[in-house]
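The block underneath contains the structure these notes are about, expressed in structure tokens.
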Ligand code: DC
């Protein structure tokens, strides 16, 4: 069977990574979490207490010895051999990462890495600009959404389970601000590709969303 390239885009909390991971597992494909790549750059900048100018962060991205390993349903993220899988999910990194993601030089570096990772097919890649910029020739493009209230509730549960005390209303405001930054930035904004299939997960279970994507994959 043909090894497809599946691109999944959408805003934070729409369920992209869970849906993408499960789809990859069912098809026995590799899963590439491109948000983790931008997060790794932001983590590096914070870890090194680097100057937070675009040029300084781009220089860090250029020299980042980044590796993503998708093993047993989990993506292990390492920078220069250091496991930063958990460290890239802190609220501090989440706050800095939209700034990192709007630097043209950084997007160029990431795009090249991402295209290289997908070139042999059999891959599910999720992010914000995969169907529009990174893999415009992907076999299947999905735009996954959900209401802001539902997305905030999901992130709140995720962070609370990790032991963070977070105010739900504040989280909703933060997510709305991040959506705005991601959708209105000049370079590769978050937008559905014209040929993407829209899936709204507000009322949909993870399994139902995955089933829809698998049906598209089996038809291809
Ligand atoms: O999906 P996430 O929350 O881990 O993404 C982190 C940030 O990176 C978010 O601000 C959007 C940005 N991003 C991007 O601009 N392009 C991508 N392909 C993936 C993520």
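Are any of the residues in the stretch 81-89 touching a residue at least 12 places away in the same chain (Cβ under 8 Å), within 13 Å of the ligand (Cβ to nearest atom), out of contact with any strand residue (DSSP E or B) (no Cβ under 7 Å at 6 or more places or on another chain) and under 20 Å from residue 191 (Cβ atoms)?
no
Conditions (1) within 9 Å of the ligand (Cβ to nearest atom); (2) under 26 Å from residue 27 (Cβ atoms); (3) part of a loop (DSSP other than H, G, I, E, B), marked per residue:
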position	(1), (2), (3)
98	yes, no, no
102	yes, no, yes
108	no, no, no
112	no, yes, no
121	no, yes, yes
125	yes, yes, no
138	no, yes, yes
142	no, yes, no
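Quickly run through the stretch 155-182 and pick out the residues that are under 18 Å from the mean Cα position of the chain (by Cα), without any contact (Cβ under 8 Å) to a residue 12 or more places away in the chain and either within 24 Å of residue 141 (Cα to Cα) or not in a helix (DSSP H, G or I) (or both).
Within the stretch 155-182, 180 is the sole residue that qualifies.
Does residue 134 fit the bill of being within 11 Å of the ligand (Cβ to nearest atom) and more than 30 Å from residue 218 (Cα to Cα)?
No; evaluated as a whole, the condition is false for this residue.
Test residue 188 against the stated conditions and say whether it is within 17 Å of the chain's Cα centre (by Cα) and on the phi > 0 side of the Ramachandran plot.
Here the answer is yes, as residue 188 does meet what is asked.
With the structure loaded, tell me whether residue 7 is within 11 Å of the ligand (Cβ to nearest atom), in a helix (DSSP H, G or I) and either buried (at least 18 other Cβ atoms within 10 Å of the Cβ) or more than 15 Å from the chain's Cα centre (by Cα) (or both) or whether it fails that test.
No; evaluated as a whole, the condition is false for this residue.
Name the residues in the stretch 181-207 that are within 13 Å of the ligand (Cβ to nearest atom) and surrounded by fewer than 13 Cβ atoms within 10 Å (Cβ to Cβ), would you?
Within the stretch 181-207, 183, 184, 186 meet the criteria.
Please verify whether residue 145 is under 14 Å from residue 11 (Cα atoms) and either within 15 Å of the chain's Cα centre (by Cα) or surrounded by fewer than 17 Cβ atoms within 10 Å (Cβ to Cβ) (or both), treating the condition exactly as stated.
When the stated conditions are applied, residue 145 passes them.
Take the residues in the stretch 69-86 that are modelled with pLDDT of 95 or more and buried (at least 18 other Cβ atoms within 10 Å of the Cβ); name whichever of them is nearest to the chain's Cα centre (by Cα).
If we take residues in the stretch 69-86 being modelled with pLDDT of 95 or more and buried (at least 18 other Cβ atoms within 10 Å of the Cβ), then 77 is nearest to the chain's Cα centre (by Cα).
Checking residue 1 against (1) over 15 Å from residue 126 (Cβ atoms); (2) buried (at least 21 other Cβ atoms within 10 Å of the Cβ), which test does it fail?
Residue 1 satisfies all of (1) over 15 Å from residue 126 (Cβ atoms); (2) buried (at least 21 other Cβ atoms within 10 Å of the Cβ) except (2).
Can you name the residue in the stretch 16-31 that is crowded, with 24+ Cβ neighbours inside 10 Å and within 11 Å of the ligand (Cβ to nearest atom) and, of all such residues, is farthest from the chain's Cα centre (by Cα)?
The selected residue is 20.
Just need a number here: residues in the stretch 43-67 that are within 15 Å of residue 82 (Cβ to Cβ) and assigned to a loop (DSSP other than H, G, I, E, B).
So the count comes out to 4.
Can you tell me how many residues within the stretch 99-127 are farther than 16 Å from residue 141 by Cα and touching a helix residue (DSSP H, G or I) at 6+ places or on another chain (Cβ under 6 Å)?
Residues in the stretch 99-127 being farther than 16 Å from residue 141 by Cα and touching a helix residue (DSSP H, G or I) at 6+ places or on another chain (Cβ under 6 Å): 8 in total.
The values are calculated or read from the model by the stated rules, or taken from the named source; none is laboratory data. Predicted, not measured: the structure shown is a model, and the values here were computed from it. Methodologically, a virtual Cβ is constructed for each residue, glycine included, from the backbone with ideal geometry; neighbour enumeration extends over all protein chains shown.
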